[in-house]
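**Student:** Take a look at this one; I'll ask things after.
The values are calculated or read from the model by the stated rules, or taken from the named source; none is laboratory data. All values reported here derive from a predicted model rather than from experimental measurement. Here the Cβ is made from the backbone with ideal geometry for all residues, glycine too, and neighbour counts use every protein chain on show. Only protein heavy atoms, including side chains, enter the accessible area calculation; ligands, DNA and RNA are left aside. Shrake-Rupley method; radii C 1.70, N 1.55, O 1.52, S 1.80 Å.
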Amino acid sequence: TISVLSTSLYYITMPPKRPPSIAIATAATKRRRGTAIEPIVSMAVSTSVGTSYQDDGEDSNPLRKEFLQLLSAPQYKGRGVANSALKAHFGDKYTQLVPIINELTRASRLTMSKANGENEVYFSLLSAVEASKMQGLDAHSKLVYQVIESAGNKGIWTVDIRVQTNIPQATLTKIFKQLETRKLIKPIKAVTAKTKKLYMLYDLVPAKEITGGPWYTEGEFDHEFIAELRNFIIMCVRRMNRGKGVSIQQISDKMVQANVSRVQLSLEEVRQLVQTLLHDYVIEERGVTDDGMALFVPAKKITTMCEFGWWDVLCKDFHFRGIRFEDDVVLNAHEPHHHS
């Protein structure tokens, strides 16, 4: 037997005297003679007969409207709202969500996912466009979509998808192609593992630890792009404020104004570029602004060039390296260097 996460909700009519309830459970798949393994998943729901909610512009049901507003909140974009958060938010009205959840699920407007290693179930609201793309998908395809959705902007490796869903590789390949064609998911490659294929939702922006941030282009370290940005910073330090000093914030504002970067750089990323120039001793820190921000000016030449390149400064182990200068002076890791 294999355990899988629920990919659909079943609308079950219960006796009228029985109070409505929501019970989320993971069920096992069954093998029947002459049929393939189908995921049997359930979110047991009870409600009265004939209850239906329409997705019209002006919602007449305040509870449904509140439920949709909660799932549409920016902080729940991507992973969704945890089932425990729904209980805490709605309190005694939690059980009244049953017909609302049923209706939204039948219309492919609501999905459920579970993060790897967690028992918590998350509900995600799909837009009308996304819902139309989900129409016609079978249980296996929806299960794969939910597993990819739970990975967020860090993506998930294809091998991990196969392990979590227990779906054969041949079937998975067809599902990936189907979801890619509908623009529900997209393949990406991590700079740390270029041979591995990851998948994430189509409209998500990959995390910086996956793409390498602005310093990487198509998985390769972009020396030319960084050199252009460094040259622009050097020009700012030399020309702005008559060479009396410029702050990182002023450099950042000037870069935005001049539109020198093809991607928007954060203040921390501009600081990293300035740090490489400091290590190359092209600029130096001298004084602070009234707000306490450091000022940078062109550096005075006081020693010969060292053997490492400026791009080495971006490496995490830079401070643990020894440096050999052109005059054969060796500077070991963490050893102070005094100029004569």
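**Student:** List the lysines whose Cα lies under 27 Å from the Cα of residue 254, skipping any in the same chain that are fewer than 8 positions away.
**Tutor:** Reachable lysines: 208, 244, 300, 301.
**Student:** So if we plug the beta-carbon distance of residue 84 and residue 154 into 1/(1 + (r/R0)^6) with R0 = 22 Å, what FRET efficiency do we get, rounded to 0.05?
**Tutor:** Here the calculated transfer efficiency is 0.45.
**Student:** Ranked by accessible surface with a 1.4 Å probe, highest first, in what order do 238, 286, 109 come?
**Tutor:** The residues order as 238, 286, 109, largest area first.
**Student:** Ok, one more. Could you work out, for region 53-183, what percent of all Cα-Cα pairs fall into each 10 Å distance bin, beginning at 0 Å and stopping at the bin that holds the largest distance?
**Tutor:** The percentages, shortest bin first, are 11, 41, 33, 13, 2.
**Student:** Multiplying the sequence separation of residue 173 and residue 203 by 0.36 nm and subtracting their Cα-Cα distance, what value in nm do you get?
**Tutor:** Extending this stretch completely gives an extra 8.7 nm.
**Student:** In square nanometres, what is the average projected area of the Cα convex hull of region 125-257?
**Tutor:** Over all viewing directions, region 125-257 projects a mean Cα-hull area of 10.9 nm².
**Student:** Run the quick spin-label model on residue 92 and residue 70: label points 7 Å from Cα toward the beta carbon, then report their separation in nm to one decimal.
**Tutor:** About 1.6 nm, to one decimal.
**Student:** From Cα pairs below 8 angstrom and at least 6 apart in sequence, can you work out the relative contact order of region 165-302, rounded to a whole percent?
**Tutor:** In percent, rounded to a whole number, it is 17.
**Student:** How large is the Rg to Rh ratio of region 129-204 when both quantities use alpha carbon positions and Rh follows Kirkwood?
**Tutor:** Across region 129-204, the Cα-based Rg/Rh ratio is 0.94.
**Student:** Output the relative contact order of region 56-168, whole-number percent, from Cα pairs under 8 angstrom with separation of 6+ residues.
**Tutor:** 25 percent
**Student:** Assuming 0.36 nm per residue, please report the length gained on full extension of the stretch residue 275 to residue 60 beyond their Cα-Cα distance.
**Tutor:** 71.6 nm
**Student:** Calculate, for region 104-177, the solvent-accessible area per residue in square angstrom, rolling a 1.4 angstrom probe over the heavy atoms of the protein chains.
**Tutor:** Roughly 44 Å² per residue, with all protein chains present.
**Student:** To continue, here is another question. Of the listed peptides 209-218, 270-279, what is their order by residue-averaged count of other C-beta atoms within 10 Å, with the highest listed first?
**Tutor:** 270-279, 209-218
**Student:** Also, I was wondering about something else. With a 1.4 Å probe and all protein chains kept in place, how do 160, 92 rank by accessible area, largest first?
**Tutor:** Order by accessible area, largest first: 92, 160.
**Student:** Quick one: how many Å² of residue 198 are accessible to a 1.4 Å probe, rounded to 10?
**Tutor:** 20 Å²
**Student:** Would you please classify the overall shape of region 228-280 from the alpha carbon gyration tensor, given that a ≥ b ≥ c denote the square roots of the eigenvalues, rounded means a/c under 1.5, and beyond that prolate means a/b larger than b/c while oblate covers the rest?
**Tutor:** oblate
**Student:** Carbon and sulfur: what percent of region 113-188's accessible surface (1.4 Å probe)?
**Tutor:** Answer for region 113-188 is 51 percent, counting heavy atoms of protein chains only.
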